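To start, the structure under review is shown below, and the notes come after it.
The values are calculated or read from the model by the stated rules, or taken from the named source; none is laboratory data. Worth saying up front: this structure is predicted, and the values here are computed from it rather than measured. Cβ placement follows ideal geometry from the backbone for every residue including glycine, while neighbour counts extend to all protein chains displayed. Surface areas here come from the heavy atoms of the whole protein model, side chains and all, with no ligands, DNA or RNA. Shrake-Rupley method; radii C 1.70, N 1.55, O 1.52, S 1.80 Å.
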Amino acid sequence: IGYQKICKLEEKPVPDREIVKAFEYRKGEYVYMDDEDFEAARVEGYRTIDITDFVPYEQIDPIYFAHTYYVAPQDGSEKVYALLVQAMERSELAAIAKFVMRDRQYLGALRVREGTITLEQLYFADEVRPVDEIRPKRQRLDKRELELAEQLIDSFGGDWEPEKYRDTYRDALCQVIEAKRKGKDVHVAAEPEEERPTDLLEALRRSVEASKGGRRPSRNGSRRHGLAQDDRRHADLRGGDSLAVSS
């Protein structure tokens, strides 16, 4: 399968030699860029991690976390690595650092996890979306609704156990693949009918009753009562990639 670059105005293919990169500094006015221009702006510090500060890890708002890497010592740097691990463990502080990856500069937090240094890639402050535009206005709350909401939270309370959560989509997809491998037909399950909206108090009461019986509340209940998800940034949250650091 081949892919073509199409001019949307003329609806015809455009050869690579006619495609350039540019920055629109004013409506309809551009500064054209070539590879040498990007090389000139290349950030120093390639393949190094430059520590700038040490701060209490708990002061870092989780909204700034973007991606986690393991940091391993290069050959000959094991002693320096072990020294940094032990010093950071004693200080109970995280190191704030800048690093370059794929020609782009990033902010990160170094912390010790099970005797190993991890690098938490962080968003810069101007990359985090402010909440002012989505924060709801103050509302008068019904005391009964608040009590039921608190009761619902208490009923689901517990300790964080990451191993109890599974990627159910992956499990279902593997079942589909296995079924097709065996020559079976695969059909999409019918969507359940949407329930009629109920008042919030009744929805909370049902959720509390369901939790007492060991059942989770309706998956689409939050949608029916005006709760929506909103991403902070588009982030790839896969953990466990490795990045080496030298002394």
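Note that region 1-67 presents 95 Å² accessible area per residue, ligands and nucleic acids not counted, probe 1.4 Å. Taking the Cα centre of region 4-113 as origin and assigning +1 to Lys and Arg Cβ atoms and -1 to Asp and Glu Cβ atoms, the resulting dipole is close to 260 debye. Take the Cβ atoms of THR168 and GLU29, set R0 to 51 Å, and the FRET efficiency comes out at 0.50. Distance from the alpha carbon centroid of region 1-46 to that of region 87-153 works out to 35 angstrom. State whether region 97-145 is rounded, prolate or oblate according to the following rule on the C-alpha gyration tensor (a ≥ b ≥ c being the square roots of its eigenvalues): a/c under 1.5 gives rounded; otherwise a/b larger than b/c gives prolate, and the remaining case gives oblate. Note, shape of region 97-145 comes out oblate. The mean sequence separation of alpha-carbon pairs under 8 Å and at least six residues apart, normalised by the residue count of region 80-214, gives a relative contact order of 17 percent.
What is the spin-label model distance, in nm, from GLU193 to LEU141 if the labels are put 7 Å beyond Cα along the C-beta direction? Modelled inter-label distance: 3.5 nm. Mind running the shape call on region 1-154? Use the C-alpha gyration tensor, a ≥ b ≥ c as the square roots of the eigenvalues: rounded below 1.5 for a/c, prolate if a/b tops b/c, oblate otherwise. Note, shape of region 1-154 comes out oblate. Computed from backbone phi with θ = phi - 60° and the Karplus coefficients 6.51, -1.76 and 1.60, the 3J(HN,Hα) list for region 115-124 is x, 10, 7, 10, 10, 8, 5, 10, 6, 6 Hz; x is used for glycine and proline. Under 5 Å from the amide H of ALA94 lie the amide H atoms of VAL55, TYR57, each residue being 5 or more positions distant or on a separate chain, with H modelled from the backbone and absent for Pro and chain starts.
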